[in-house]
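Asker: Have a look at this one before I ask anything.
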Amino acid sequence: MGRIKEIAKGARSLIGSMGVTLKHLKDEPVTVEYPAERAPISPLQRNAIRLIEKEETPGSHNCIACLQCEKICPSNCISITGYRPEGLAMKRPETFDLNFALCSECGLCLDVCPTATLGYTKVYDKAGYTRADFFHDLLEEYRETEEQVVEHLREADRRKKAEREAKRKAEAEAKAKEAGDAQ
Ligand code: SF4
Ligand code: SF4
C-alpha cells in the first residue's frame, strides 16, 4: 500500500511539473545558452579597466601619464611610466600595466582621471591559469596609432600656440591704439 501511495505522489508531482512547463511553453526565454550566447550587460557594470578612445585623440586614448590613477589605487595594481614626446605640452604613457588579479573594481582610478580616458571593459568572465593571465597591457590596442596621435596632438598644440600669439598680439595692438587715442 505504501508503495502505491509513493507512486501516486510521484505521478502527481510529475503532472504538476508538466503543467508548469506547458503553462510557460510560449514565454520568451529568460536565460541564454552561455557561452555560445551572451546576455547583454548593463552599461554600469564594472570590470577590468581600459583606456578608452577620446575625441581629442582620434584612434587613441588621452592619457597624459599624470600618475594620479596609480597613486589613488588602493590595491596598487596600476603601474605607469611616461615620456614627453618632442613638441608636446603633455606627456604620453610609455607603459601602462594593470594587475587585474588585485583590482577590486572600486572605480577610484576612473574618478580621478583628469582626461576621463579610463573606462571598464565588457569582459565579465575573465579566467586564467596563471597570474600572468591577469596582467593587462593597456596600451596594446593603441600601439599602432601612437605615432599618428602624437602628430595630431603636436598639430593641436601648434594651433593653440598660434591662437594664443594672435590673441596676445591683438590685445597689445588694441592697448597701443587706446594709448594713442588718449593723447
Ligand atoms: S578600479 Fe580601483 S582597484 Fe581597480 S585599478 Fe582602479 S583604483 Fe585600482
Ligand atoms: S589618471 Fe588618467 S591621465 Fe592620469 S595617468 Fe591615469 S589614465 Fe592617465
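Derivation of every value follows stated rules applied to the coordinates shown; laboratory data play no part. Note that the structure is a prediction, hence the values are computed from the model and not measured. Counting neighbours? That spans all protein chains shown, and the Cβs are built from the backbone with ideal geometry, glycine included.
Asker: Sort 60, 79 by Cβ crowding within 10 Å, fewest neighbours at the top.
Answerer: Placing the least packed residue first, the sequence is 79, 60.
Asker: What is the mean projected area of the alpha carbon convex hull for the chain, to one decimal in square nanometres?
Answerer: Over all viewing directions, the chain projects a mean Cα-hull area of 22.0 nm².
Asker: Considering lysine pairs in region 1-116 that are 8 or more places apart or on different chains, how many have Cα atoms under 25 Å apart?
Answerer: 4
Asker: Charges on Cβ only, +1 for Lys and Arg, -1 for Asp and Glu, centred on the Cα centroid of region 1-71; of 62, 45, 8, which one is farthest towards the dipole's positive end?
Answerer: The one lying farthest along the dipole's positive direction is 8.
Asker: Let me ask something else. Can you give the extra length, in nm with one decimal, that the chain gains between residue 126 and residue 30 once fully stretched, where that is 0.36 nm per residue apart less the Cα-Cα distance?
Answerer: In short, 32.2 nm is gained.
Asker: Same structure, new question: Residue farthest toward the positive end of the dipole of the chain, with Cβ of Lys/Arg at +1 and Asp/Glu at -1: which of 18, 72, 31?
Answerer: With unit charges placed on the Cβ atoms, the residue in question is 18.
Asker: Please determine, in degrees from 0 to 90 and to the nearest 10, the orientation of helix 2-23 with respect to the longest principal axis defined by the Cα atoms of the chain, where the helix direction is its Cα long axis.
Answerer: 40
Asker: Could you tell me the calculated FRET efficiency between residue 154 and residue 68, based on Cβ-Cβ distance and R0 = 25 angstrom, to the nearest 0.05?
Answerer: Computed FRET efficiency for residue 154 and residue 68 comes out at 0.55.
Asker: Same structure, new question: What value, in deg cm²/dmol to 500, does the helix sum -39500 (n - 2.57) over DSSP H runs of n ≥ 4 give at 222 nm once divided by the residues of the chain?
Answerer: -12500 deg cm²/dmol
Asker: If you rank 105, 55, 70 by fewest surrounding Cβ atoms within 10 Å, what's the result?
Answerer: 55, 105, 70
Asker: Please work out the C-alpha center-to-center distance from region 152-167 to region 1-60 and express it in whole Å.
Answerer: 55
Asker: Next question, about the same structure. Under 18 Å from the Cα of residue 175, which lysines turn up, not counting those fewer than eight places away in the same chain?
Answerer: 167
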